[in-house]
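Only one structure is covered here, and it is reproduced in the block below.
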Amino acid sequence: MFDLNLTVWIVVALCAVMVGIAKTGIPGVGILVVPLMASVLPARSSVGVLLGILILADLFAAGYYRHNAAWSHVFKLLPAAFAGIIAGYFGLKVVTNEQLKPIIGIIVMAMLAINYWHTKIRGEEAPVPTQWWVAVGLGFLAGITTMMANAAGPVMIIYLLAMRLPKIEFMGTSAWFFFIINWLKVPFSASLDLMTVESLKLDLMMLPFIAVGAAVGILVLRKIPQKAFNTLVRILAAAAAIKLLF
């Protein structure tokens, strides 16, 4: 088991709660988890621990939204996402802990910038993109970012918002996409020693916190003002990502 102090335990437990919330109710909150985990654990270890937490949270989300996925979008994204996972796998083979922290910070900042740009475009009633390269490009980007930093959430937010799915279909499609994609990452992560027996023990200890977060996400989905919440999450995520850069 990792030699963790009380602060690290609190941060990891908080991240587990936020992952649960992100998976069932407020997807934007997940962007904050990546830099927080990497700030208290070795960068490579944080990727493996977080993947286990994400998979456990996926079980709650996929189960709750089992009838709500828009499978046509899932199938469009998966081939390119798998190609991105392979690209990210080879990238991680040559990246050290010291190099990975700023990479995670840059990825998060880039995703926040893209998310902000998309929000502005969406406000102008942009047409739903139907070009094949949209799903291929965003799917591949999701694959790379999820393999290297578990940071594909904003990519999926951008894609699903662009498709203008109803809220429940939005959550269901995201839940099932990540349920599949995170399991596809397991053999690659294990071969890189990102996921280990020790990291899985820590993940299982976080299960109660994940369950609490999943329940909270379901309860508050329709109550929190989304625009104000997303603004706060962007600010906090940017601050955490900047910390990783320096």
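Things worth noting here:
- Matching residues in the range 46-96 - criterion: being within 28 Å of residue 215 (Cβ to Cβ) and of a type in the set (S, T, N, Q): 46, 68
- Hey, residue 106 surrounded by fewer than 17 Cβ atoms within 10 Å (Cβ to Cβ), among the β-branched types (Val, Ile, Thr) and more than 17 Å from the chain's Cα centre (by Cα) or not: no
- Wholly enclosed helices (runs of 4 or more DSSP H) of the range 162-246 bearing at least 2 residues closer than 19 Å to residue 29 by Cα, in contact (Cβ under 8 Å) with a residue 40 or more places away in the chain and out of contact with any Gly (no Cβ under 7 Å at 6 or more places or on another chain): 167-191, 207-220, 226-245
- Test: residue 115 is under 22 Å from residue 81 (Cβ atoms), modelled with pLDDT of 80 or more and not β-branched (Val, Ile, Thr): no
- Residue within the range 61-71 that is farther than 26 Å from residue 220 by Cβ, surrounded by fewer than 19 Cβ atoms within 10 Å (Cβ to Cβ), modelled with pLDDT of 90 or more and out of contact with any Pro (no Cβ under 8 Å at 6 or more places or on another chain) present: yes
Conditions tested, residue by residue: (1) of a type outside the set (Val, Ile, Thr); (2) crowded, with 16+ Cβ neighbours inside 10 Å; (3) more than 17 Å from residue 38 (Cβ to Cβ); (4) touching an Asp or Glu at 6+ places or on another chain (Cβ under 8 Å).
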residue: 147; (1), (2), (3), (4): yes, yes, no, no
residue: 171; (1), (2), (3), (4): yes, yes, yes, no
residue: 175; (1), (2), (3), (4): yes, yes, yes, yes
residue: 188; (1), (2), (3), (4): yes, yes, yes, no
residue: 205; (1), (2), (3), (4): yes, no, yes, no
residue: 220; (1), (2), (3), (4): no, no, yes, no
residue: 225; (1), (2), (3), (4): yes, no, yes, no
residue: 232; (1), (2), (3), (4): yes, no, yes, no
residue: 245; (1), (2), (3), (4): yes, no, no, no
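Let's see how each residue does on (1) within 16 Å of the chain's Cα centre (by Cα); (2) under 19 Å from residue 147 (Cβ atoms):
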residue: 30; (1), (2): yes, yes
residue: 51; (1), (2): yes, yes
residue: 59; (1), (2): yes, no
residue: 64; (1), (2): no, no
residue: 73; (1), (2): no, no
residue: 84; (1), (2): yes, yes
residue: 87; (1), (2): no, yes
residue: 93; (1), (2): no, yes
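The values are calculated or read from the model by the stated rules, or taken from the named source; none is laboratory data. Everything numeric in this text was worked out from a predicted model, so none of it was measured. Cβ atoms come from the backbone with ideal geometry, glycine included; neighbour counts cover every protein chain shown.
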